[in-house]
1. One residue is enough: does the stretch 146-157 have a residue meeting the conditions farther than 30 Å from V26 by Cβ and open to solvent by 40 Å² or more (accessible area, probe 1.4 Å)?
2. Residues of the stretch 23-45 being part of a helix (DSSP H, G or I), touching a residue at least 24 places away in the same chain (Cβ under 8 Å) and either crowded, with 21+ Cβ neighbours inside 10 Å or not charged (D, E, K, R) (or both), which ones?
3. Restricting the search to the stretch 90-104, which residues are more than 14 Å from N58 (Cα to Cα) and touching a residue at least 40 places away in the same chain (Cβ under 8 Å)?
4. Select from the stretch 120-141 the residues that are buried (at least 22 other Cβ atoms within 10 Å of the Cβ) and of a type in the set (A, V, I, L, M, F, W, C) and write down the one among them that is farthest from the chain's Cα centre (by Cα).
5. Looking at the stretch 78-119, which of the residues that are among the hydroxyl-bearing types (S, T, Y) and farther than 24 Å from P163 by Cβ is surrounded by the most Cβ atoms within 10 Å (Cβ to Cβ)?
6. Return the residue satisfying two criteria in turn: it lies in the stretch 46-77 and is surrounded by fewer than 17 Cβ atoms within 10 Å (Cβ to Cβ) and polar (S, T, N, Q), and of such residues it is nearest to Y151 (Cα to Cα).
7. Take the stretch 167-185 and flag every residue that is farther than 16 Å from R41 by Cβ and either open to solvent by 20 Å² or more (accessible area, probe 1.4 Å) or of a type in the set (D, E) (or both).
Amino acid sequence: MPTAWTVRAITRAMFPILVLLTLVEVGSGLVLGRFEAQLLRYPTLLTLVPVTIGTAGNIGSILAARLSTAFHLGTLSFDIKDDTLTGNAIATIGLSVSIFPIVGVGAWGLTALTGMTRLTPWRVVTIALLAGVCLAVLATFVTIITTYLAYRLELDPDDVVLPAVTNICDVLGVIVLFFVVQISL
């Protein structure tokens, strides 16, 4: 799949994607705005938002990079029996189980330093873990689907998948965190 390395070719490939992803980010801001009252009531949640969406985007980006590399090496097939695909998907979800409790402890600890904690550490860790695992599952699906669509549309996954996954994870991060908070409080 040769791609021309010209300004025109790069712009033609990336501009529509970036415009679409900008609109997706606006959606994230709108959802976050609806969540504002709870964020102000529980400052720990305010601390948790950027870390949660950033970590979810990073986890999705790691998977995207691994799948893109496997795609370029010709070792990736989009078959559920593909060890590269399933192994990386399982590792991504496993990583979230280990990292998001740390995110929760960190968010609670930083808020505790300011004396503004209103939630117990256990509650914050539970919210971070539930939201994180849900986000990892969603990020895994988004990454696999986006990589497959890039392949089918003859786009370079290196150019498309990482920006798409991080932007979509921003929106999903806010939505999932909001949902988890609603069922947890």
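The values are calculated or read from the model by the stated rules, or taken from the named source; none is laboratory data. All values derive from a computational prediction rather than experimental measurement. Cβ atoms come from the backbone with ideal geometry, glycine included; neighbour counts cover every protein chain shown. Heavy atoms of the whole protein, side chains included, go into the accessibility calculation; ligands, DNA and RNA do not. Shrake-Rupley method; radii C 1.70, N 1.55, O 1.52, S 1.80 Å.
1. No, the stretch 146-157 has no match at all.
2. Here is the first cut: in the stretch 23-45, the ones part of a helix (DSSP H, G or I) are 23-34, 36-41, 43-45.
Add one more test, that the residue is touching a residue at least 24 places away in the same chain (Cβ under 8 Å), and what stays is 24-25, 27-28, 31-32, 34, 38, 41, 43-45.
Of everything in the stretch 23-45, those that are part of a helix (DSSP H, G or I), touching a residue at least 24 places away in the same chain (Cβ under 8 Å) and either crowded, with 21+ Cβ neighbours inside 10 Å or not charged (D, E, K, R) (or both) turn out to be V24, G27, S28, V31, L32, Q38, P43, T44, L45.
3. Passing the criteria: only G104.
4. V124
5. Among residues in the stretch 78-119 that are among the hydroxyl-bearing types (S, T, Y) and farther than 24 Å from P163 by Cβ, the one surrounded by the most Cβ atoms within 10 Å (Cβ to Cβ) is T111.
6. The selected residue is S77.
7. Selection gives N167, I168, D170, V171, L172, I175, F179, I183.
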